[in-house]
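Taking it in order: structure first as structure tokens, then the write-up.
Every number in this text was worked out from the coordinates using simple rules, so none of it is lab data. What you see is a predicted model, and the numbers here were worked out from it, not measured in a lab. Cβ: placed from backbone, ideal geometry, glycine included. Neighbour counts: every protein chain shown.
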């Protein structure tokens, strides 16, 4: 990160199924920022 002059990381999660929940709880407990992304589903 230093090489590119960055000081923060944002984790992106696609909340499908239930597997993302444990990671989200882990990140939230530690104050690590996250964003949820939703894929577009066309039927």
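Observations, loosely collected:
- Computed [θ] at 222 nm, helices only, for the chain once each DSSP H run of length n ≥ 4 contributes -39500 (n - 2.57): -7000 deg cm²/dmol
- Distance between the pseudo-spin-label points of residue 26 and residue 40 (7 Å out from Cα toward the beta carbon): 3.2 nm.
- Correct option for volume of the Cα convex hull per residue in Å³ [calculated from the coordinates] among (i) 90; (ii) 78; (iii) 61: (i)
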